[in-house]
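Peer 1: Here's a structure for you.
The values are calculated or read from the model by the stated rules, or taken from the named source; none is laboratory data. The shown structure was predicted, so the numbers you read here are calculated from the model rather than taken from an experiment. In this analysis, Cβ positions are derived from the backbone assuming ideal geometry, glycine residues included, and neighbour counts consider all displayed protein chains.
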Amino acid sequence: MAATPSSGKKQTASVAATAAGRKAGGKLINIDNGGTLTDICVIEGDKVWRTKTLTTPYDLSKCFLDGLTKASRAIYGEEDVQRLILGTDHIRYSTTQGTNALVERKGQRIGLVLGGGLKAADIRKREPELFDALVGERVMNIDLTLDDEALETAAVKAVNGLSSAGANRLAIVAGGADRGPAEIRLKKLLLRKFPPHLLGAIPLLYSHEVVEDDNDARRAWTAVFNAFLHPAMERFLYRAEHKLREHRATSPLLIFRNDGHSARVAKTIAIKTYSSGPRGGMEGSRALATHYGFKRLLTMDVGGTTTDIGLVEKGVVKSDRRGKVEGVEVSFPLSDVVSVGVGGSSIIKLHEGDIHVGPESVGSAPGPACFALGGTEATITDAFLVGGLLDPATFFGGELKIDADRARNAVVEKIGKGLGLNAEDAALAMETAWVAKVADSLKRYTSITPDTVLAAFGGGGPFVVCRVAEVAGIPSIVIPGLAAVFSAFGLGFSDIAHVYEAPLAAHDNASLKVALESLMQKAKRGMFGEGFELSQCQVAKSLQIITPEGEKTLALKGDALPKDLPPKARLVLALDVSRPIPQPHLSGDFKGPRSSARSSARRRVLTRAGFQDLPLYRVEDQKAGASAAGPAVLEEAFFTCRVDAGWRFTINQAGDILIERGA
């Protein structure tokens, strides 16, 4: 893993940018836009810089540029965004804004045009509340067997009716085996009546253009989600790309997607941005698990609003062939990451005498009470400030001043008075409830085995990770050196890639050849749009075998179908085409000799044993192999960790931290 550099100085780190077929020549910038904070990680050879800025939900391009400005100041000692951009090979970007939009139901009013026997009830039954929120009664069915003149009349009536009902974006979904040709026929008819270049033309999305999937309801949901997310994502991403061009950027903005790959804005569909930030954390975790040989790495990414939980087992990110968006199965694969409503800014309150944590959050505005931005709700950040774990002088690298008096008032007013507790005891009670929710979520997600290692990252991951691990029954913890920006760092493990799919007309090699030739042409055009010839890319072929019993995927090594295919199976050929670009290379180990860690200060911290005067260890001051037993406090610019009694930490040459119980 990379060492943990300070936010304002250039540091040498155990990370190098490499890629098969391409040598790194400039910087790599990774940006992860979260609901509360936006993280920026800049890599150049073996050097890493990182910083954070508050997310500006009213204009995401502002925090995008703010982050680049802060990064340039950290690298050059002065603000020089243009110099930074001109010296950069690739900028990878991920965002949780699509996730947040769906959670909050803030987006487009979608209308549905259905045909081929597909009914709204078939789609709605999968998630009625969500369907009602996104689509509601805005549904029209048309008979696709009509002749062209009658079909054109019916389609125009449907579009006008949905527009009058308030829809500002339409998804057109045909069901049945002839869905593709049926949608293409509709598109030709509607293009004449609703030319997209006219002002006020309602955007029309055809499901076959989003994905190839013979499950009609699942494909319909995928199209609805994409239509819902598209406008907001499009506006922001093109605005961000425009700001890069204003600074003379020559490389396009790359969007990190939820499949672990990256692509240009113009080559990315909106639904691929859903949950892309957590996938960045999982890609970093996969690299971390492979590097250290962790067989089972359970991940805990604690942000301001949520804790994202995932698993890397035997070097593979736990994923679903058909992922779920808001509990609804969609046509694309997604990593199996569960987002739990508990984070550093989650509201902690009393309900009928019990402490409840989240899922509501104060975000970055107004933020926790201690931010002094108008917030009055109690959060775990306020509790840790009351308990002395956080120091106002060093929090957020000293860039964000926090107010202990406001934190104390919120803890007493929202929790203490209702339970008859003073501020300190209320803060401990809040910690217990917060830890229990995180630990219980970990145990619900997967079984805890003796070889399970807990990876704690995100700004809030390390806080009280020892207590979380203790409650969950996990004996070992790893905190990456770049824990505070680890999801942003993880974006760097992606290449520019696309997947192209086509059904086979029959179970024979001739059909395979036809499909392969068609997909190769699509791949050639698609990768040319990314700036590369197909000959510069890596191509992997696979065959999806779909039967009533389920789906499975086989790698295709040659140009012939495998033998003994199920006779009634539906076959889909897939091409995974990737262009390798520079990625971080990890180093460091925990095998070397250990020495006593150096502590230059102490901090009075509230624990279950009361206030204790604990040694404070600055991570950046430690040598390779530095080790000490808890209770203690570990701290760097953007995270603080309380190491409890019975645990011992070791910091290696890469800045990664291993914490073991009873070591």
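Residues checked against (1) out of contact with any Phe, Trp or Tyr (no Cβ under 8 Å at 6 or more places or on another chain); (2) crowded, with 17+ Cβ neighbours inside 10 Å:
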{"residue": "His90", "(1), (2)": "yes, yes"}
{"residue": "Tyr93", "(1), (2)": "no, yes"}
{"residue": "Glu137", "(1), (2)": "yes, no"}
{"residue": "Glu152", "(1), (2)": "yes, yes"}
{"residue": "Gly175", "(1), (2)": "yes, yes"}
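Peer 1: Just to be sure, is Gly111 touching a helix residue (DSSP H, G or I) at 6+ places or on another chain (Cβ under 9 Å), at pLDDT below 90 and under 30 Å from Leu190 (Cα atoms)?
Peer 2: no
Peer 1: Hey, could you check the stretch 467-494 for residues that are touching an Asp or Glu at 6+ places or on another chain (Cβ under 6 Å) and hydroxyl-bearing (Ser, Thr, Tyr) and say which is farthest from Ile91 (Cα to Cα)?
Peer 2: In this case the residue turns out to be Ser476.
Peer 1: Do you know which of the residues in the stretch 359-385 that are hydrophobic (A, V, I, L, M, F, W, C) and assigned to a loop (DSSP other than H, G, I, E, B) is surrounded by the most Cβ atoms within 10 Å (Cβ to Cβ)?
Peer 2: Only one residue fits best here, namely Ala378.
Table: residues versus (1) of a type in the set (Asp, Glu); (2) within 29 Å of Asp320 (Cβ to Cβ); (3) over 28 Å from the mean Cα position of the chain (by Cα).
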position	(1), (2), (3)
Glu549	yes, yes, yes
Asp589	yes, no, no
Ser595	no, no, yes
Ala601	no, no, yes
Phe611	no, no, yes
Pro615	no, no, yes
Ala654	no, no, no
Ile659	no, no, no
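Peer 1: Now, a different point. Quick one: which residue in Glu636, Glu620 is surrounded by 23 or more Cβ atoms within 10 Å (Cβ to Cβ) and of a type in the set (Asp, Glu)?
Peer 2: Checking each option against the conditions leaves just Glu636.
Peer 1: Is the stretch 437-447 home to any residue that is charged (D, E, K, R) and within 17 Å of Gly630 (Cβ to Cβ)?
Peer 2: no
Peer 1: I would also like to ask the following. Starting from the stretch 314-336, keep only residues that are free of Cβ contacts under 8 Å to residues at least 60 places away in the same chain, then list their pairs with residues that are among the basic types (Lys, Arg) and in a strand (DSSP E or B) whose Cβ atoms are within a distance under 9 Å, requiring at least 6 positions of separation or different chains.
Peer 2: Within 9 Å, the pairs are Lys314/Arg296; Asp336/Lys324.
Peer 1: Would you confirm, using the coordinates I've provided, whether Arg604 is in contact with a Gly (Cβ under 7 Å, 6 or more places away or on another chain), basic (Lys, Arg), modelled with pLDDT of 95 or more and surrounded by fewer than 19 Cβ atoms within 10 Å (Cβ to Cβ)?
Peer 2: Yes; evaluated as a whole, the condition is true for this residue.
Peer 1: Filter the stretch 386-438 down to the residues that are part of a helix (DSSP H, G or I) and polar (S, T, N, Q), then identify the one that is farthest from Ile309 (Cα to Cα).
Peer 2: Looking at residues that are part of a helix (DSSP H, G or I) and polar (S, T, N, Q), I get Asn409.
Peer 1: Among the candidates Pro582, Pro631, which residue alone is in contact with a strand residue (DSSP E or B) (Cβ under 6 Å, 6 or more places away or on another chain), at pLDDT below 95 and buried (at least 18 other Cβ atoms within 10 Å of the Cβ)?
Peer 2: Pro582
Peer 1: Can you name every one of the strands (runs of 3 or more DSSP E) wholly within the stretch 478-591 that holds 2 or more residues which are more than 30 Å from Glu635 (Cβ to Cβ)?
Peer 2: Where strands (runs of 3 or more DSSP E) fall fully within the stretch 478-591 and carry at least 2 residues being more than 30 Å from Glu635 (Cβ to Cβ), they are 496-503, 538-547, 550-556, 570-579.
Peer 1: While we're here: Quick test for you: out of His356, His351, pick the one residue that is surrounded by fewer than 20 Cβ atoms within 10 Å (Cβ to Cβ), without any contact (Cβ under 8 Å) to a residue 40 or more places away in the chain and of a type outside the set (D, E, K, R).
Peer 2: Answer to the selection: His351.
Peer 1: Also, quick follow-up: Could you count how many residues in the stretch 337-354 are touching a Ser or Thr at 6+ places or on another chain (Cβ under 8 Å) and more than 17 Å from Thr96 (Cβ to Cβ)?
Peer 2: Number satisfying all stated conditions: 2.
Peer 1: Looking at the stretch 409-431 only, could you name the residues that are surrounded by fewer than 24 Cβ atoms within 10 Å (Cβ to Cβ) and either free of Cβ contacts under 8 Å to residues at least 24 places away in the same chain or hydrophobic (A, V, I, L, M, F, W, C) (or both)?
Peer 2: Answer for the stretch 409-431, where residues must be surrounded by fewer than 24 Cβ atoms within 10 Å (Cβ to Cβ) and either free of Cβ contacts under 8 Å to residues at least 24 places away in the same chain or hydrophobic (A, V, I, L, M, F, W, C) (or both): Val412, Lys417, Leu419, Gly420, Leu421, Asn422, Ala423, Asp425, Leu428, Ala429.
Peer 1: Moving on. Output yes when any residue across the stretch 613-630 is assigned to a strand (DSSP E or B) and in contact with a helix residue (DSSP H, G or I) (Cβ under 6 Å, 6 or more places away or on another chain), and no when none is.
Peer 2: No, that holds for no residue.
Peer 1: Has the stretch 234-254 got at least one residue that is touching a Gly at 6+ places or on another chain (Cβ under 9 Å), within 30 Å of Gly367 (Cβ to Cβ) and among the hydrophobic types (A, V, I, L, M, F, W, C)?
Peer 2: Looking through the stretch 234-254, none of the residues is touching a Gly at 6+ places or on another chain (Cβ under 9 Å), within 30 Å of Gly367 (Cβ to Cβ) and among the hydrophobic types (A, V, I, L, M, F, W, C).
Peer 1: Hey, another quick one. Kindly evaluate Ala497 against the criterion of being under 28 Å from Asp213 (Cα atoms), touching a strand residue (DSSP E or B) at 6+ places or on another chain (Cβ under 9 Å), loosely packed, with under 15 Cβ neighbours inside 10 Å and among the small types (Gly, Ala, Ser).
Peer 2: No; evaluated as a whole, the condition is false for this residue.
Peer 1: Now, a different point. Does Gly625 satisfy being surrounded by 20 or more Cβ atoms within 10 Å (Cβ to Cβ), among the small types (Gly, Ala, Ser) and either in contact with a Lys or Arg (Cβ under 9 Å, 6 or more places away or on another chain) or modelled with pLDDT under 95 (or both)?
Peer 2: It is false that Gly625 is surrounded by 20 or more Cβ atoms within 10 Å (Cβ to Cβ), among the small types (Gly, Ala, Ser) and either in contact with a Lys or Arg (Cβ under 9 Å, 6 or more places away or on another chain) or modelled with pLDDT under 95 (or both).
Peer 1: Then there's this: Out of the residues in the stretch 329-340 that are of a type outside the set (Asp, Glu) and assigned to a loop (DSSP other than H, G, I, E, B), which is surrounded by the fewest Cβ atoms within 10 Å (Cβ to Cβ)?
Peer 2: Filtering first and then ranking leaves Pro333.
A quick yes/no check of all residues on (1) in contact with a strand residue (DSSP E or B) (Cβ under 9 Å, 6 or more places away or on another chain); (2) closer than 20 Å to Pro462 by Cβ; (3) β-branched (Val, Ile, Thr); (4) assigned by TED's automatic domain parsing to the domain that holds Phe611:
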site	(1), (2), (3), (4)
His356	yes, no, no, no
Ala372	no, no, no, no
Gly375	no, no, no, no
Asp391	yes, yes, no, no
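Peer 1: Just checking, which of Gly655, Gly610 is modelled with pLDDT under 95, within 28 Å of Glu399 (Cβ to Cβ) and not aliphatic (A, V, I, L, M)?
Peer 2: Criteria check complete, one pass: Gly655.
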